[in-house]
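Working notes, beginning with the structure itself.
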Amino acid sequence: MTGAPVRLFVPGDSGAVSVGADTVARDLAIECRRRGIDAQIVRTGSRGMYWLEPLVEVQTPEGRVGYGPVKAGDIPRLLDAGMLEGAVDDLRLGDVDRHPWMRSQQRLTGARLGLVDPQDIDDYLSHGGYLGLEAALSLSPREIVQRITDSGLRGRGGAAFPTGIKWNTVLEQPAAQKYIACNADEGDSGTFADRMLMEGDPFALIEGMTIAGIAVGATQGYIYLRIEYPHAARTLEAALEQARERGYLGDDVLGSGKTFDIEVRRGAGAYICGEETSMLESLQGRRGEVRVRPPLPAIKGLFDRPTVVNNVVTLATVPVILARGAEFYRDFGMGRSRGTVMLQLAGNVKHGGLVECGFGLTVRELVHRYGGGTATGRPVRAVQIGGPLGAYLPASRFDTPLEYEALAAMDALLGHGGVVVFDDSVDMADMARHAFAFCALESCGKCTPCRIGSTRGVQLLDRLVTSPDGARAADKALIEELCDTMAEGSLCGLGGMTPFPVRSALRHFPEDF
Amino acid sequence: MDVQRLVAMANDIAAFFDAESGNAAPEGVRNHLSKFWEPRMRREIIEHLRKGGEGLCPTASAAIEKLAADPSVS
Amino acid sequence: MHAHDHHDLGTPAVKGEPVTLEIDGVSITVPAGTSVIRAAALAHRDIPRLCATDTLKSFGSCRLCLVHIEGRKGTPASCTTEVVPGMKVHTQSEQLERLRRNVLELYVSEHPMGSCPASAGCELESLAAQHGIRESRYAVGTTARAAHMPAAVDASNPYFVADDSLCIVCSRCVRACEDQQGTFALTIEGRGLESRVAASQRQPFFESECVSCGACVEACPTGALLEKSVIAVDQLPERSVRTTCAYCGVGCSLIAEVSADAVTRMVPDRAGRANQGHACVKGRFAYGYATHGDRVTRPLIRERITDEWREVSWDEAISHAAAEFKRIQAKYGRDSIGGITSSRCTNEETFLVQKLVRAAFGNNNVDTCARVCHSPTGYGLKHTLGESAGTQEFVSVQQADVIMVIGASPTEAHPVFASQMKRRLRAGAKLIVVDPRAIALVKSPHVAADYHLRLLPGTNVAVINALAHVVVTEGLTRDDYIADRCERESYEKWRAFISDPKNSPEAVETVTGVPAALVRGAARLYARGPNSAIYYGLGVTEHSQGTTMVMGIANLAMATGNLGREGVGVSPLRGQNNVQGSCDMGSFPHEFSGYRHVSDDATRGLFESMWKVQLGSEPGLRIPNMFEAALDGSFKGLYIQGEDFAQSDPNTAHVTAALSAMECIVIQDIFHNETAKFAHVFLPGSSFLEKDGTFTNAERRISRVRKVIEPLAGFADWQVTMRLSNALGYAMDYSHPSQIMDEIAALTPTFTGVSYEKLDRLGSIQWPCNDAAPQGTPTMHVDQFVRGKGKFHVTAYVPTRERTSAKYPLLLTTGRVLTQYNVGAQTRRTANLAWHSEDRLELHPHDAEARGIEHGDWVGVTSRAGDTVLRVEITDRVAPGVVYTTFHFPESGANLITTENSDWATNCPEYKVTAVQVVKVAQPRAWQRRRQEAAPAEPAVSPN
């Protein structure tokens, strides 16, 4: 063959790798070489359709045609069938952008996921990268913060605090040294948006942090990365190196005379370090233990200096807001939940993966339209939204729109956007016990309700199963009292939110207790 | 009293005042001796000077001479 | 557990503008920054809590102190919430009560009621009881901590036990170790319910980095950390007495808790201005010597020092001593006897002894042990600034930007102040250490010296001159300050002297061994402050140029404007509890109380009219002069209150020869000691627990000593001195030490405003306290120096006579360790021996290798004066060419090798520089072996 090489895209995302993407990429290269085909294999992030991974894409004149899930053994057959020209096969998915799962999404934060080579800054630039930073550098710090405020962006880590207000607090501190701390300790079960972004589009995070630093006057950023993400660490380090080489980081960012650099710090495997004050303690090399607020990290954060603490998704959303304007972003979503949300669908679901769209999608649409129901084929009984400390919703409440206020009204929360699906074989008492057990396992041990209460919760639920009917009512009341104590008395969200799954299980599924 | 010890002490005092007071050093040393040395020590050092003052540095000798001239000492 | 009579306010006091708020409808005004829990406690609306205590920053973990605040969501913790003007707080409600009960129930599920001994005063159990909780609904099966995470009780520390089964993981101990003590020995390890307190790397306390200050024990709300002495009594104390520690010059205010007329515990007084609620292993725990079996409680006499002691009545002992003194004076003259006051005794006792000498003996032969420690401080500061005392209050260090520590090791010798200093250093102050040895402050957790000027022993003056040279020649002087406040002529002369290139860091580098660049850096740092404070110890004074060095320090401080306000100053760290006081009280042979020379007619007239006796106008003998006079036969009798010359003074051979030459030595002490071997009369002394009086600490703070138990021998020291005076025919009639203080006040201009009534009212007073300063004087020289204009002195460096040579190639210097105290008479009679049971010689690895010496070997240490044998510790804390030892044990014989060299102005001995040779030997000297084998020496006493 002559002319330009054929471009093939195989995800290097660790989710795809876990189902054989590396083998597929390797075998594809070997097979092409054997056949004398000049092929270039680009390792991208994942599109987020995990049931289709490894999802191989071929660049054709008509667009990127996808095949998946591809196993190594499929490769000779696919090549024989003319995959490189986008030929028809059982595994052919057609133009990936027009796939029903993708077509209806509104990818803003995750716009480049699966499209670009995360290790190539030029690829990032050719897909609209660093337009946000360029825009920011033409603005005053106050104007940047104002745009973030106007966009309606709220913290995507779970607390949903308005990002602009937080940034403004840090901006107004007179300190000589300030920091940007990115919380990449993505620990909620069933969540993976942070990982996908860091593995699939690390420059978006780097650009977002750089804009944050310039906005508030911070010169140093830290990414607190959970230890379980070695792949993201490698991707980030490589991206940081390129950004420095190309002048996007360092002591003269894009010739602006402004200084900003980023360091990746690895966590030590504690869920509690996803809580921002624990994370700051850990970043400083101390025991990851919750710190009392106030003072807020925005006033006294890392090393007692004013610090912006934001989640990966929040920071990676910043470039698109600066590049395309606050109004553009604000026009997505509903109510006080503006912009898009990265929903991560997992658990017992047929089609799991990443769904990014404006706030307001209902649970039903997510679980059934996107998810296609349960993987086991049995009826859906419950979903847990917002990670291990999120509430359980019964099928009867699936019309609830996925946005902050609607969920709060139901004693539930969106959290980091994880949605885990359960079929009708689930034992909700077991789930309630699991919530306490999770809290007991991850408690830092500082405050009493969480330190002792979580274990007592487990013991109470164990006792409930065996206790006589007379005692059961008293024990149920005691569980409720314990939930009150933990909710009202805990120092941080770990103990404070454990009652969400417990109470929701008790309320919506009383028959299981 | 061990007069050699007294000589050493007087010389130590003189070393300070030599630097501090220059020409007025002997007066400084004399004043120090009368304020801080018990009379029998002063008597013995004067006696030592009268016997030739072996070991005394010039400033100490000059100071002890002044001391000896003071009628209240002995 | 805090002191039983202490009302804990939950969080520490803060300074701020007044803020008025309402708590349960009660209006209260507190400083801004105060926590709600503290404001509530001040309004007598105490809010339950377990993790908060008023010595520690709030932590917010127990979740018992939750309150309602109008206009705020939820139930904020009152310990971590600051007051706001107009805030309306409600501390009680049904919801709060339910929450608190539930949290208490959670606690009780882990720590069942009745787990702690009654004497522990367990805060959890009493709080639970107050809320009517007897058992926990959560308690099922093995929820108790003892069952779910069993651990052996750690009794390794001599003074307290750690019982994890009683722990409630409030972190108070960890925070006390960090915030109060600054040692960082404790951590919480494990997570969740498995969290537990660990000392260092999960070691037993005794083997960990713990320095046994006891702050953790006091902070513990339960019996998890508890004094062994408290466990032993198993009841709450019957009474508490506030008194003042009798160890170092920090002068901690302590509360003695007493049951059945025995001290069960010492707790630092949280209202104590000097110690700020902290104490150390000595003050808090090592008080057992006071009732040790070695105490001498019956008077003893003997004709010759070779005879056995004979127990006699007080009357016989006193009249025998008086008769002997009279006989000696009749035979050898009025000036043939003298007396020694003790810096361990109270001001009143010290005052009385010098009065006895001046009025009853009729001469001025009185001196004090301060002669051998801080006499150069008195002389040097008097002649430069005008007052013989430190310039600051301890808390002043919290305002310092730069701290210079010269010749002192605060973490060992002044640990409670060291903790305050370390707190300031952790908050960002810079540190300069000037010391031959790498003291702990040079590098310890969260503290490191910015400059360590590691000079050769004996070159202090060269270094201080080089520092001043940099300040002057680089234009870093505060010229406006100098022009305004100092003597122009003296400054010009000094400026010319110090600018001479021979004083430059480069010129003296080979003498001092300190790289010039370090001296320059340190000088700039100190001069730029803006607040720079100097703290110094015996490494400054105990030199042949001790006084010159003190003057050099004052010069540097004046030239940079670092005197006369908070955060700056020149502060001597006094070694003993009452060094300042004994000097103030007129213990020196040339001056009356308040540092007034005996030749001053007006002052003498004042004393003569009050004491109704004619007083001498000539200075008396100093301690070393007394020895000289004893050897030449003109000095024959000595009354020694609380001092052990034969162990503590230099050149032991010389001292013992002098003591042997005397005809009557009267010792007043609580134990037999080395000097008592040469004594003829032994009058049993009283410990600080057995009497009333006052001590004056290093910051001029006069604090009350209050009688905790009755004197073991029947009389307090002041009563014995009074009886001796009366037996000598000079009448003294005091029924209480307060009357002695009244006399001191009447005779001493800096004390005219001092009385026991005022001391009780104010807690403590820093002198001067008089009409000009009725509340006392925390900071001296504020508007002008006490002498008017500050006077610079030319401080030429004169090398000591003590030089190294081929025969004596190493320089020996001395110091202390934390757990022992001076000659060890007290601390050797406590469990502190567990930490330090022998003195060791520190030797640099290079010097050790050159001599074939290995760690733990016995080495002979020989100087021009004598020799001794010590066990060696090889360490690079000392520089090559320098060796170091402590002097806490008589069998070490450190003073066998020290020389007779002394400070030119005050004859303070040059303990800090002795040229020695060190060689490996097989074993200690025979006399040392005998000492080590003997039980604590109790000489043979024949019954009367």
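A few comments on the model shown:
- With a cut-off of 13 Å between beta carbons, the residues surrounding A:GLY217 carry a summed charge of +3, where Lys and Arg count +1 and Asp and Glu -1.
- Cα gyration tensor, the range A:121-330 - rounded (a/c under 1.5), prolate or oblate: rounded
- Selected from A:MET83, A:ALA437, A:CYS447, residue furthest toward positive end of dipole (chain A; charges at beta carbon): A:CYS447
- Amide H contacts of C:VAL869 (H built 1.01 Å from N, under 5 Å, at least 5 apart or other chain): C:VAL861, C:ARG925
- Fully extending the segment from A:ASP97 to A:THR259, taken as 0.36 nm per residue of separation minus the present Cα-Cα distance, adds 54.5 nm.
- Using a Förster distance of 30 Å, the FRET efficiency for C:ARG565-A:ILE165 (Cβ separation, nearest 0.05): 0.10
- Of C:HIS781, A:HIS508, A:HIS231, A:HIS368, the residue with the largest accessible area leads and the full order is A:HIS368, A:HIS231, A:HIS508, C:HIS781 (1.4 Å probe).
- Pairwise centroid distance, computed over Cα atoms, of the range A:242-257 with the range A:370-437, Å: 44 Å
- Theoretical FRET efficiency, 1/(1+(r/R0)^6), r = Cβ-Cβ of C:ARG327 and C:ALA661, R0 25 Å, to 0.05: 0.95
- Cα-based radius of gyration for the protein assembly as shown, normalised by 2.2 N^0.38 Å, reads 1.11.
- Here the scattering of the range A:383-513 is modelled by Debye summation over its C-alpha atoms, one equal scatterer each and no solvent; at q = 0.10 Å⁻¹ the log10 of I(q)/I(0) is -0.29.
- Residue-count net charge about C:LEU689 - beta-carbon cut-off 10 Å; Lys, Arg +1, Asp, Glu -1: +1
- Chain A contacts chain C over a buried accessible area of about 2700 Å², both sides summed; the probe is 1.4 Å and only protein chains count.
- Taking every residue in C:64-75 and counting other chain Cβ atoms within 10 Å of its Cβ, the average works out to 1.
- Helix-only CD estimate at 222 nm, as mean residue ellipticity for chain A, using -39500 (n - 2.57) per DSSP H run (n ≥ 4): -11500 deg cm²/dmol
- The residue list C:SER78, C:GLN647, C:SER313 was ranked by how far each Cα lies along the charge dipole of chain C toward its positive end, using unit charges on Cβ atoms, and C:SER78 comes out on top.
- Here the range A:121-330 is treated with +1 on each Lys and Arg Cβ and -1 on each Asp and Glu Cβ, and its dipole about the Cα centre works out to around 640 debye.
- Here the spin labels are modelled as points 7 Å beyond Cα on the Cα-Cβ line, and at C:GLU22 and A:ASP462 they lie 5.0 nm apart.
- Simple spin-label estimate for C:ARG787 and C:LYS612 gives 3.9 nm between the two label positions (7 Å along the Cα-to-Cβ direction from each Cα).
- By the Cα gyration tensor, chain C has an equivalent ellipsoid whose semi-axes, rounded to whole angstrom, run 46, 33, 30 from largest to smallest.
- Summary of the geometry: the range C:403-461 and the range C:352-392, compared by the centres of their Cα atoms, lie 28 Å apart.
- Given charges at beta-carbon only (K, R positive; D, E negative), |dipole| of the range C:810-934 in Debye: 400 debye
- Placing pseudo-labels 7 Å out from each Cα toward the beta carbon at C:ALA32 and C:LYS57 gives an inter-label distance of 2.0 nm.
- Shape call, the range A:363-445: gyration tensor on alpha carbons, a/c limit 1.5: oblate
- Solvent accessible area, Å² - C:CYS373, 1.4 Å probe, full protein context: 10 Å²
- Estimated FRET transfer efficiency (A:THR60, A:LEU125; beta-carbon r; R0 25 Å; 0.05): 0.55
- Simple Cβ-charge dipole of chain C, Lys/Arg +1 and Asp/Glu -1, about Cα centre, in debye nearest 20: 1100 debye
- Note on C:187-199: average number of Cβ atoms from other chains within 10 Å of each residue's Cβ is 5.
- C-alpha long axis of helix B:25-36 to longest principal axis of chain B, angle in °: 50 degrees
- Inter-part distance, the range C:124-187 to the range C:198-235, computed on C-alpha centroids, equals 11 Å.
- Volume per residue of the C-alpha convex hull in the range A:6-99, rounded to whole Å³: 81 Å³
- For a label point 7 Å along the Cα-to-beta-carbon line of A:GLU511, residues of the range A:401-443 with backbone N under 19 Å: A:422-432
- Chain C, accessible surface, carbon-and-sulfur percent (1.4 angstrom probe): 51 percent
- For the segment A:438-449, counting C-beta atoms of other chains within 10 Å of every residue's C-beta and taking the mean gives 6.
- Tensor-based shape of the range C:375-572 (alpha-carbon gyration tensor, a/c under 1.5 rounded, otherwise prolate or oblate): rounded
The values are calculated or read from the model by the stated rules, or taken from the named source; none is laboratory data. What you are looking at is a predicted structure, and each value in this text was computed from that prediction instead of being measured. Cβ atoms come from the backbone with ideal geometry, glycine included; neighbour counts cover every protein chain shown. The protein model used for the area step is the full one, side chains on, heavy atoms only, and it has no ligands, DNA or RNA in it. Shrake-Rupley method; radii C 1.70, N 1.55, O 1.52, S 1.80 Å.
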